[in-house]
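Accompanying notes for the structure given below.
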Amino acid sequence: MSEEGFTIWFTGWSGAGKTTIAIALEEELKKRGIRYVQRLDGDIVREGLCSDLGFSKNDRNENIKRASFVAELLSKNGVATLVSFISPYRNLRDYARENCHNFIEVYVKCDKETLIERDVKGLYRQAIEGKIPEFTGISDPYEEPLNPEIILNTADETLFESVKTVIEYLDKNGYI
Ligand code: ADP
């Protein structure tokens, strides 16, 4: 039996929860019998496919173009594709929307105070000290999604609740 592919595009600040939610969602989809699930993690893609790119606006845009190219190949061939990239620019997320099969934008939202408190990778402290230029939210812009299919507020909800919201959306819209 073939499965309907889709692209779930997680966007949001560093540390907001994109990767954590994508990993938990992948597990949940597999539990429900979805065989073809692929995650594209921004940090990992930047080590390989996009290792020539930095964080200027042009490089960030190129990063998203490459990710959406891969996401499209996967999703049009029946793969549940989970993309977690900061993807700070609205026009590039719209580019991904136009180019990816069954695109679902998920805004992983978290307030700045909570992110600085979490500081999972120790990057906020360094960015605030001026040691990381072009750091989203501190020294680089993030354009909030205007009409995302889903918003997850990770400061207020548990990981379980965030995953449940996405699963319910997929279920309601006939993807799973
Ligand atoms: P990102 O991929 O957006 O950079 P990560 O997933 O790497 O973010 O880190 C998010 C951090 O926030 C993790 O340490 C995770 O345990 C924590 N966290 C707290 N609440 C939530 C939630 N509701 N959803 C996802 N992550 C959460």
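Between 0 and 90 degrees, the angle of helix 159-172 with respect to the longest Cα principal axis of the chain falls at about 40 degrees.
In the neighborhood of E62, defined by Cβ-to-Cβ distances under 14 Å, what is the net charge if each Lys or Arg adds +1 and each Asp or Glu adds -1?
+3
Take 163-171, 82-90 and order them by the average number of nearby Cβ atoms within 10 Å per residue, most first; the result is 82-90, 163-171. Angle of helix 90-99 to the longest C-alpha principal axis of the chain, folded into 0 to 90 degrees and rounded to 10: 20°.
Within straight-line reach of K30, meaning a Cα separation under 17 Å, sit the following aspartates and glutamates at least 8 residues removed in sequence or on another chain: E3, E4, E168, D171.
For K76, the lysines whose Cα comes closer than 17 Å to its Cα, not counting residues fewer than 8 places off in the same chain, are K65.
Looking at segment 55-176, the accessible area is 53 square angstrom per residue; that uses a 1.4 Å probe and ignores ligands, DNA and RNA.
Note down the Stokes-Einstein diffusion coefficient of the chain in µm²/s, whole number, using a Kirkwood radius over alpha carbon pairs, 25 °C, and 0.890 mPa s. Intermediate values should be presented prior to the final figure.
Numbers: Rh = 16.4 Å.
It diffuses with D of about 150 µm²/s by this estimate.
How much length would be gained if the chain were fully extended between E134 and S56, taking 0.36 nm per residue of separation minus their Cα-Cα distance, in nm to one decimal?
27.4 nm
How large is the helix-only mean residue ellipticity at 222 nm for the chain, computed as the sum of -39500 (n - 2.57) over DSSP H runs with n ≥ 4, divided by its residue count, in deg cm²/dmol to the nearest 500? All intermediate terms of the calculation are to be shown ahead of the outcome.
Values: 7 runs with 77 residues, N = 176.
Calculated from helices alone, the mean residue ellipticity at 222 nm is -13000 deg cm²/dmol.
Excluding same-chain neighbours fewer than eight residues apart, the lysines reachable from K121 by a Cα-Cα span under 16 Å are K18, K112, K131.
Length available on full extension from E161 to A24: 0.36 nm per residue minus the Cα-Cα distance, which gives 48.2 nm. Sparsely packed loop sites in segment 83-129 (the GluC sites (Glu not before Pro) outside DSSP H, G, I, E and B with at most 13 other Cβ atoms within 10 Å) comprise E129. Summary of the geometry: segment 94-129 and segment 46-77, compared by the centres of their Cα atoms, lie 16 Å apart.
Taking 0.36 nm per residue of separation and subtracting the Cα-Cα distance, what length does fully extending R90 through R35 add? Don't skip to the answer; put the middle values down first.
On the way: separation 55, 0.36 × 55 = 19.80 nm, distance 3.13 nm.
Working it through step by step, the gained length comes to 16.7 nm.
Positive end of the dipole of the chain (Cβ unit charges, origin at the Cα centre): among P133, F10, C110, the Cα lying farthest that way belongs to F10.
The values are calculated or read from the model by the stated rules, or taken from the named source; none is laboratory data. Source: prediction; values computed, not measured. Here Cβ is always computed from backbone atoms with ideal geometry, including for glycine, and neighbour counts include all displayed protein chains. Accessible surface is based on the protein model in full, side chains and every heavy atom, while ligands, DNA and RNA are left aside. Shrake-Rupley method; radii C 1.70, N 1.55, O 1.52, S 1.80 Å.
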